[in-house]
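Have a look at the structure below before the remarks.
We did not get these values from a lab; they are worked out from the coordinates using the rules stated. Everything numeric in this text was worked out from a predicted model, so none of it was measured. Cβ placement follows ideal geometry from the backbone for every residue including glycine, while neighbour counts extend to all protein chains displayed.
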Amino acid sequence: MAKNLRLKTARAARDMSQKKLADEVGVTRQTMNAIENGDYNPSLNLCIAICKVFGVTLNDLFWEE
Amino acid sequence: MWKEDRPYDEYQLLKRYRIGFQTMIIFALLVGINGFIKEFYIIWAPPIIEGIVLLYIPMFYFILMSLFKDAYLRKLDTGIAMIVIIGLVVIFNLFVIIQSLVYGTFSLVKDGMLSDGIVLPLLASFFGVILIFMIIKRIKDRREV
């Protein structure tokens, strides 16, 4: 699975650490790291929670062209 | 907002299920091999020690793999308390082993079978390796942040 660079970029743009984002959505930092590196395909609930933190849509972060 | 409120998050649970299944396979294999050895070769330990040794290997596998895959500690655990507690258990075990060595009561084999004395080295190695793994993992995690 490809790396999720859009998630990484969105996080970096808000100057947010993996730990901070992980705490906001209720997962571990290692899980957030696995999502960004493309090692784990998160559930829809988790994707929505991440999008809500950034105020973006699922398409913006998780839709692969 | 939806927030994961279980002690382990979804990725950790997925890994724990996978490691748990592998652990069950290892345990089943060990029970089969043990039955074969007892039937055709030798009774190598009294029943209680046999049970402890047969449980030791799969439990060891589960804990080490869970630690290695970041699925052992819960989301809010920092691991420091566990490192301290496990460290104390290791020290206690080593103390008892050294004490029995000094008094000459330490024996691993008795009447051609493993004796009760095997339990302490097993426990010491079990918790000792877990302690080392937890410390290494913690150092690695702190470098990643």
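Ordered by the count of other Cβ atoms within 10 Å of each Cβ, fewest first, B:Phe40, B:Phe60 give B:Phe40, B:Phe60. The percentage of C-alpha pairs in region B:31-145 whose separation is greater than 17 Å is 64%.
Distance from the C-alpha centroid of region B:49-66 to that of region B:71-117: 14 Å, rounded to the whole angstrom. What the phi angles of region A:14-27 give under the Karplus curve with 6.51, -1.76 and 1.60, with θ = phi - 60°, is a coupling list of 9, 6, 10, 7, 4, 4, 5, 5, 4, 5, 5, 9, x, 10 Hz, glycine and proline written as x.
For a label point 7 Å from the Cα of B:Lys38 along Cα→C-beta, name the residues of region B:107-130 whose backbone N is under 16 Å from it. It comes to B:113-115, nothing else. For the residue pairs B:Lys15/B:Lys137; B:Lys69/B:Lys137; B:Lys15/B:Lys69; A:Lys20/B:Lys15; A:Lys8/B:Lys15, alpha carbon separations beyond 19 Å are given by A:Lys20/B:Lys15; A:Lys8/B:Lys15. The convex hull drawn around the Cα atoms of region B:1-99, when projected onto a plane and averaged over every direction, covers 8.9 nm². A straight Cα-to-Cα reach below 24 Å connects B:Lys110 with the lysines B:Lys38, residues fewer than 8 places away in its own chain not being considered. Of B:Asp141, B:Asp9, the sequence from fewest to most neighbouring Cβ atoms within 10 angstrom is B:Asp141, B:Asp9. Would you be so kind as to identify which of A:Val25, A:Leu5, A:Gly38 lies farthest towards the positive end of the dipole of region A:1-52, taking Lys and Arg as +1 and Asp and Glu as -1 on Cβ and the Cα centre as origin? Working it through, the farthest residue towards the positive pole turns out to be A:Leu5. Close amide-amide hydrogen proximity is noted between B:Leu114 and B:Ala45, each under 5 Å apart and 5 or more residues distant or on a separate chain (H modeled in the peptide plane; Pro and chain starts excluded).
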